[in-house]
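The values are calculated or read from the model by the stated rules, or taken from the named source; none is laboratory data. Not measured: the values here are computed from a predicted model. Every residue, glycine among them, receives a Cβ derived from its backbone with ideal geometry; neighbour counts consider all protein chains shown. Quick note on the areas: whole protein, heavy atoms, side chains included, nothing else; ligands and nucleic acids left out. Shrake-Rupley method; radii C 1.70, N 1.55, O 1.52, S 1.80 Å.
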Amino acid sequence: MLGYISNRIMGLIIVLIGVTVLAFIFSNISSVDPAEAFARRNILNPTPEQIEEIREEMGLNLPVYRQYFNWLQGVLRGELGTSLLTRNPVRVDLAEKIPATLSIVGLASFWIIIITVPLSVLSAVNKDSFFDHTLRIVTTFGISIPNFWLGFILLVAFAIMLPIFSVVDYGSLKSLILPSLTIAIPMASSSIRLLRATILENMKKDFVTYAKARGISKNKIIWQHVLKNSLPPMITVFCQYLGYMIAGSAIVEAVFSWPGIGSHLVSAIIARDLPTINGCLLIIAVIFVFFNLLADILNSAINPKMLSEAGEV
Amino acid sequence: MVKKILKNKQAVLGLLMILVIAFIAIFAPFIAVNHPEEIDPAEKFAEASLKYPLGTDQLGRCIFSRLIYGARYSLGIAVPVLFILAVVSILTGTISAYIGGGFDRVFTVICDIFMSFPPLLVVLSLVGALGQGIFNIMVAAVFSMWVWFAKVVRSYVLLEKKKGYIIAAKIAGCSDIKIIALHIIPNILPSLLVYFSTGIAGMMLMISGFSFLGLGIEAGVPEWGAMLSSGKAYLYSRPLLLIYPGICILFTAAGFNLFGEALRDIVSPEEV
């Protein structure tokens, strides 16, 4: 187990180095000159000399690999540079935005879990019943719905027609409900399908027949034995969803005017604010990688046998 | 397989929905009653009428015609992207899995690095870097998703490679290219088809999400996501401006999802 985890962490370090290179490349392949963009934003009519001055000041005149190593050194010290847009350290901006996004994502995860588990068990147990078919139709809509549109529909329904929530609201727990549901509904729809299919597959296995033969009640078999064995693929997918939700928050945050990391990234992209773009990319990728690792560790803890089957893949 | 598809109600329904959208996209100029970008300042927010079947938007443009032309953008972006993705991922995934060894290991590490960015994030940063434009968003979409597809292709090939008939073909002296092109790819194609057809819906949702954010597609273009974005300001007064394009996106994505899932039931019935 420990050997497995340390192996995974070694792999993780290689991936993280690749992530920093890629994050840096992404934000550097551009026809827009960030020094010029910065100069135009802050000086009315910048002369070429002023632009050059800014370029040197920001270190943009150095060769790309030197810029990368300078940036990487900073990253290792926890310094992500200074935002060209807000002029705050990127670290400070991110520290301010991340909790807002994480609170939506956290609540959304809660919804996903409490919606997915009971519904998929019910629909797997009553396979081909009316409930199962209805759920299948509902989840087909759920995975086909554009989440920004869902956000608007929820706003129109619950903030305008039935004024339970206010349209622009930030800070209270209540204000989290609509954005988190907007993220959770499509995700829950696809995870219901996955969990239902996995449960059905497991119900055909020998251990279920054996448990039945031992006279264990059907409920106990489903909720304890089958569910436990159906969790590993769910955990993997769920941890991936967490990364998707953080990246996808850009869209939902735009609908609900929510000041999170996603909308921060979009405004940084529009303003060509390189240090902020790099910082956001890095943070989101690190969170994503971290959750993937967490999924593997959780899975190996729940079902150590999987290591011998899938450990080296 | 065609027979099985026609027997499956869900597949037929999905296919019909896709065909409706494809028909609308192809014959848009004949279906639309007005030009989608024609502005009529005297007719802002007009009610539904014979001239404007669904009324007009904030600039007096015919909503119905814009929705019709939107089908062109939706399919016109998603289908070519998927095609390029399919070619790239089948080539790279098959070659990597077939050669195996160190080459495959390097390929897997590259995949892992790319996969540590959620696709949305890659597209966001690439569109930010390359600038606006439909072509750039297509490049970004291919670039962000190819590894995910390639990895699936790779895993299918790895499974297929071990099977007896491939070994038999090798012993019979079949060349590697022949084995890949004539044996492996035709055999994994049905499973890939399922994966791609469900992938297309996700891609359409992602691309409309981008134009909603104002990235990728120029303002004024009758793309459904962009229409939603410009209708955002009239959330209170004209919620219909938001509802129509959303229904169009939902309809198209649902068509592809229904078809893709029915296809999966047909190709691998044991998973249902």
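Given the criteria under 22 Å from A:ILE145 (Cα atoms), touching a residue at least 40 places away in the same chain (Cβ under 8 Å), more than 10 Å from chain B (Cβ to nearest Cβ) and among the hydrophobic types (A, V, I, L, M, F, W, C), does A:VAL237 qualify? Answer is yes for this residue.
Restricting the stretch A:85-122 to residues that are outside any helix (DSSP H, G or I) and touching a strand residue (DSSP E or B) at 6+ places or on another chain (Cβ under 8 Å), the residue that is modelled with the lowest pLDDT is A:ASN88.
Of all residues in the stretch B:179-210, those satisfying the criterion of being within 11 Å of another protein chain (Cβ to nearest Cβ) and either open to solvent by less than 20 Å² (accessible area, probe 1.4 Å) or of a type in the set (Asp, Glu) (or both) are B:ALA201, B:MET204, B:ILE207, B:SER208, B:GLY209, B:PHE210.
I'd like to verify a number: residues in the stretch B:225-252 that are touching a residue at least 40 places away in the same chain (Cβ under 8 Å), in a helix (DSSP H, G or I) and more than 7 Å from chain A (Cβ to nearest Cβ), how many? Of the residues in the stretch B:225-252, 12 are touching a residue at least 40 places away in the same chain (Cβ under 8 Å), in a helix (DSSP H, G or I) and more than 7 Å from chain A (Cβ to nearest Cβ). Here the helices (runs of 4 or more DSSP H) wholly within the stretch A:1-73 that include at least 1 residues being modelled with pLDDT of 75 or more and within 12 Å of another protein chain (Cβ to nearest Cβ) are A:2-28.
Can you name every residue in the stretch A:123-162 that is more than 27 Å from the chain's Cα centre (by Cα), within 11 Å of chain B (Cβ to nearest Cβ) and β-branched (Val, Ile, Thr)? Correct list: A:ILE160 only.
Of the helices (runs of 4 or more DSSP H) lying entirely inside the stretch B:106-191, those containing at least 3 residues that are farther than 24 Å from A:LEU16 by Cβ are B:134-161, B:164-171.
Residue count for the stretch B:228-272 under the criterion of being open to solvent by 60 Å² or more (accessible area, probe 1.4 Å) and aromatic (Phe, Trp, Tyr): the result is 3. Just one of (1) charged (D, E, K, R); (2) in contact with a Lys or Arg (Cβ under 9 Å, 6 or more places away or on another chain); (3) open to solvent by less than 40 Å² (accessible area, probe 1.4 Å) fails for B:ASP176. It is (3).
Quick grid of which residues meet (1) more than 10 Å from chain A (Cβ to nearest Cβ); (2) over 16 Å from B:GLY93 (Cβ atoms):
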residue	(1), (2)
B:GLY128	no, yes
B:PHE135	yes, yes
B:VAL139	yes, yes
B:VAL142	yes, no
B:TRP148	yes, no
B:LYS151	yes, no
B:SER155	no, no
B:LEU159	yes, no
B:TYR165	yes, yes
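Criterion applied to B:LEU67, B:LEU54 was being open to solvent by 10 Å² or more (accessible area, probe 1.4 Å) and not in a helix (DSSP H, G or I), and the one residue passing it is B:LEU54. Apart from one condition, B:LEU263 fits all of (1) within 17 Å of the chain's Cα centre (by Cα); (2) within 11 Å of chain A (Cβ to nearest Cβ); the exception is (2).
Every residue, every condition in (1) open to solvent by less than 30 Å² (accessible area, probe 1.4 Å); (2) in contact (Cβ under 8 Å) with a residue 24 or more places away in the chain; (3) in contact with a Gly (Cβ under 8 Å, 6 or more places away or on another chain), yes or no:
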{"position": "A:VAL208", "(1), (2), (3)": "yes, no, no"}
{"position": "A:ASN219", "(1), (2), (3)": "no, no, no"}
{"position": "A:VAL226", "(1), (2), (3)": "yes, yes, no"}
{"position": "A:MET245", "(1), (2), (3)": "yes, yes, no"}
{"position": "A:SER267", "(1), (2), (3)": "no, yes, no"}
{"position": "A:ARG272", "(1), (2), (3)": "yes, yes, yes"}
{"position": "A:ASN278", "(1), (2), (3)": "yes, yes, yes"}
{"position": "A:LEU293", "(1), (2), (3)": "yes, yes, no"}
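Screening A:SER257 with (1) under 18 Å from A:LEU107 (Cα atoms); (2) at pLDDT below 85; (3) within 10 Å of chain B (Cβ to nearest Cβ) gives one miss only, at (3). The set of residues in the stretch B:12-42 that are within 18 Å of B:GLU223 (Cβ to Cβ), of a type in the set (A, V, I, L, M, F, W, C) and open to solvent by less than 60 Å² (accessible area, probe 1.4 Å) comprises B:ILE21, B:ALA22, B:ILE24, B:ALA25, B:ALA28, B:ILE31, B:ALA32. Checking the stretch B:157-178 against the condition returns no match, with no residue being touching a Phe, Trp or Tyr at 6+ places or on another chain (Cβ under 9 Å) and among the aromatic types (Phe, Trp, Tyr). Among residues of the stretch B:109-121 that are more than 7 Å from every other protein chain (Cβ to nearest Cβ), those with a Cβ under 6 angstrom from a residue that is part of a helix (DSSP H, G or I), sequence gap 6+ or separate chain, pair up as B:CYS111/B:VAL147; B:CYS111/B:LYS151; B:PHE114/B:VAL147; B:MET115/B:VAL147; B:PRO119/B:SER144; B:PRO119/B:MET145.
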